[in-house]
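Right, one structure below, let's go through it.
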Amino acid sequence: MASQIVHFARLSDHDRNTAVPLPKFAAGDMLELHVRDADGKKRMLPIPQSAASAVEALLAHMLRGERVAVLAEDQEVSPSEASAILGISRPLVVLRMDRGDLPFRYVGKHRRALMKDVLALKAKLDKRQTAMEALAEDTDDLIETYGL
């Protein structure tokens, strides 16, 4: 079974300007999706309360003009897909796998990593990047202040 990252979606500027943000949900509130198909037939689909916060967050991100994708944490991804998520090259992903930084399994000759492991590595890399940027900023401040 080939792994596929769900495609990224973005609202057009027109849709962003005409869409109304969802209000914050309170206990007991219900979210319903009203659908009208191409033939004009209308249906109402209740959205479970447990999914309402995800729908709210999804729409909020899209209204800010951000691209979004829905990913299952137990979904398996290839090194190429992981590289797109991590923002590093495929060979670096394979190196991280070989080092043990990114758990994976073989499916035949192909490596597969769980999405939750890729996202955990991304959080670690992002935290490290933030620390390096703060250190560089401190260094710049020292140079400006003390002429080092």
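Summary table below
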{"read-out": "Loop-resident sites, the stretch 4-57, for trypsin sites (Lys or Arg not before Pro), counting at most 11 other Cβ within 10 Å (DSSP)", "value": "24, 41"}
{"read-out": "In degrees, nearest ten, helix 90-99 long axis to first principal axis of the chain (Cα)", "value": "70"}
{"read-out": "Whole-Å distance, taken between Cα centres, linking the stretch 90-148 and the stretch 65-79", "value": "18"}
{"read-out": "Folded to 0 to 90 degrees: helix 115-146 orientation relative to the chain principal axis, Cα", "value": "50"}
{"read-out": "Local electrostatic count at residue 76 - Lys and Arg +1, Asp and Glu -1, tallied over other residues with Cβ under 13 Å", "value": "0"}
{"read-out": "Environment charge at residue 110 (Cβ cut-off 14 Å; Lys +1, Arg +1, Asp -1, Glu -1)", "value": "+3"}
{"read-out": "Sites excluded, GluC sites (Glu not before Pro) in DSSP loops with at most 16 other C-beta within 10 Å, longest stretch of the chain", "value": "74-148"}
{"read-out": "Nearest-0.05 FRET efficiency for residue 131 and residue 110, computed from C-beta distance (R0 41 Å)", "value": "0.75"}
{"read-out": "Test item: Cα-centred dipole of the chain, Lys/Arg +1 and Asp/Glu -1 on Cβ, debye", "value": "820"}
{"read-out": "Set of the stretch 11-46 residues, backbone N closer than 16 Å to the point 7 Å along the Cα-Cβ line of residue 57", "value": "22, 24-25"}
{"read-out": "For the chain, projected area of the alpha-carbon convex hull averaged over all directions, nm²", "value": "15.4"}
{"read-out": "Helix 49-63 axis, angle to the chain major axis (alpha carbon atoms, nearest 10°)", "value": "70"}
{"read-out": "Cβ-based net charge around residue 34, under 12 Å, with every Lys or Arg adding one and every Asp or Glu removing one", "value": "+2"}
{"read-out": "Sparsely packed trypsin sites (Lys or Arg not before Pro) within the stretch 103-148, loop by DSSP, other Cβ within 10 Å at most 13", "value": "109"}
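Readers should treat all values here as calculations from the given coordinates under stated rules, not as data from a laboratory. Model, not experiment: these values are computed from the prediction. Reconstructed Cβ throughout: ideal geometry from the backbone, glycine too, with neighbour counts over all protein chains shown.
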